[in-house]
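A short write-up of the structure that comes next.
Only the coordinates and a few stated rules stand behind these numbers; no lab work does. Nothing here was measured: the structure is a model prediction, and the numbers come from that model. For neighbour counting, all protein chains shown are included, and Cβ atoms are generated from backbone atoms with ideal geometry for every residue, glycine included.
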Amino acid sequence: MKKSKGKRTRENILLDSRKILNETGVFLTLRELSKIIGITIGGITNYFPTKDHLFMGLAEVYEKELSAPEISEPFKNDPSLYSMHTLLSNIMDIQFANRSTIRFISIASQSQKTLFEKVTETWNSRKERPIAMVEALVHKGFLLDSILDEFHLRVFRFQFINTLTTWISSYSLYDFDIPYNQMKPIYLAGMLNTFEPFLSPKGETQYREILKQLTENLEN
């Protein structure tokens, strides 16, 4: 079905805004943003009355890209450390493309009620996914079942989610002068390292092969 003019305009505003905010930072006003895009302030506020509404729209774009079947299906169809590496690599690329959205959300406060509720809703829908992935890797023999111990599982989830969600902040603060593609192998290795204490011999083999590939990518 052909998109309406209004829907196309809304999508273009989101994509233009994402590109600009990724480069300039998240503190532009809507008026400043409209001037860079080349439209009137009303052209933005007609679709996004406030900056929070704009970032809610950008968050929808981010979620849509993360939810694309081609992102998660390789792991779902064949759980392994290899497919986990591919999944994390794909997620990182999407996160980098939406880095301004992630930064804005990370500094959102509970006083920004509508935005905060949207973030909370999204988090609640995703928070159990790392556990499901661990269970799949245990079932396939890549992880030891000791990871399913309640204490170990909670520690793992904390470490995994933190490395997966905070690398953007680390990159922005400490590694911003290094191209993303040069830092990506480091961050990927850090994420995969959270599995290391619980690798089976089968998982250890794949893990070492992936680390070797990441090291080679870093050197090239």
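Build a GNM of the chain with springs between Cα atoms under 10 Å apart, and of 178, 102, 13 the one that fluctuates most is 178. Phi angles of the stretch 202-219 translate, via the Karplus equation with coefficients 6.51, -1.76, 1.60 and θ = phi - 60°, into HN-Hα couplings of 5, x, 4, 4, 5, 4, 5, 5, 5, 4, 4, 5, 5, 5, 5, 4, 5, 7 Hz per residue; Gly and Pro are given as x. Working note: Karplus 6.51/-1.76/1.60 with θ = phi - 60° gives the stretch 150-166 the couplings 3, 5, 4, 5, 5, 5, 4, 4, 4, 5, 5, 5, 5, 5, 6, 9, 10 Hz, where Gly and Pro are set to x. Among 90, 22, 46, the largest mean-square fluctuation in a Gaussian network model of the chain (Cα springs under 10 Å) belongs to 46. Amide H contacts of residue 199 (H built 1.01 Å from N, in plane; Pro and chain starts excluded): 144 sit under 5 Å, all sequence-distant by 5 or more or on other chains. Working note: 222 nm ellipticity from helices only, DSSP H runs with n ≥ 4, each -39,500 (n - 2.57), summed and divided by the residues of the chain, gives -24500 deg cm²/dmol to the nearest 500.
Listed values for the stretch 38-55 are Karplus-derived 3J(HN,Hα) couplings in whole Hz (6.51 cos²θ - 1.76 cosθ + 1.60, θ = phi - 60°), namely x, 10, 6, 4, x, x, 8, 5, 4, 9, 9, x, 9, 5, 4, 5, 4, 6, and x replaces Gly and Pro. Note on the stretch 1-49: with charges restricted to the Cβ of Lys and Arg (+1) and Asp and Glu (-1), its dipole about the Cα centre is near 360 debye. The angle between the Cα long axis of helix 5-24 and the main principal axis of the chain comes to about 70°, on a 0 to 90 degree scale.
For the chain, a Gaussian network of Cα nodes joined below 10 Å ranks 28, 87, 143 by mean-square fluctuation, and the top entry is 28.
Return one number: the angle in degrees, 0 to 90 and rounded to the nearest 10, between the long axis of the Cα atoms of helix 180-193 and the longest principal axis of the Cα atoms of the chain. Tilt of helix 180-193: around 50 degrees. Percent relative contact order of the stretch 52-219, based on C-alpha pairs within less than 8 angstrom and at least six residues apart? The value is 27 percent. Pairs exceeding 19 Å between alpha-carbon atoms, taken from 127/184; 3/64; 184/212; 76/140; 64/127: 127/184. Between the entries (i) 19.5, 61; (ii) 27.0, 86; (iii) 16.5, 47, the label attached to Rg and Dmax of the Cα atoms in Å calculated for this structure is (i). Using Cα atoms only, what is the angle between the long axis of helix 81-97 and the major principal axis of the chain, expressed in degrees (0 to 90) to the nearest 10? Around 20 degrees separate the two axes.
Here the spin labels are modelled as points 7 Å beyond Cα on the Cα-Cβ line, and at residue 76 and residue 93 they lie 1.9 nm apart. Spacing of the modelled spin labels on residue 172 and residue 3, each 7 Å from Cα toward Cβ, amounts to 2.6 nm. Applying 0.36 nm per residue to the separation of residue 154 and residue 212 and subtracting their alpha-carbon distance, the gain on full extension is 18.0 nm.
Here residue 196 and residue 27 are evaluated by their C-beta separation; at R0 = 41 Å the FRET efficiency comes out at 0.60.
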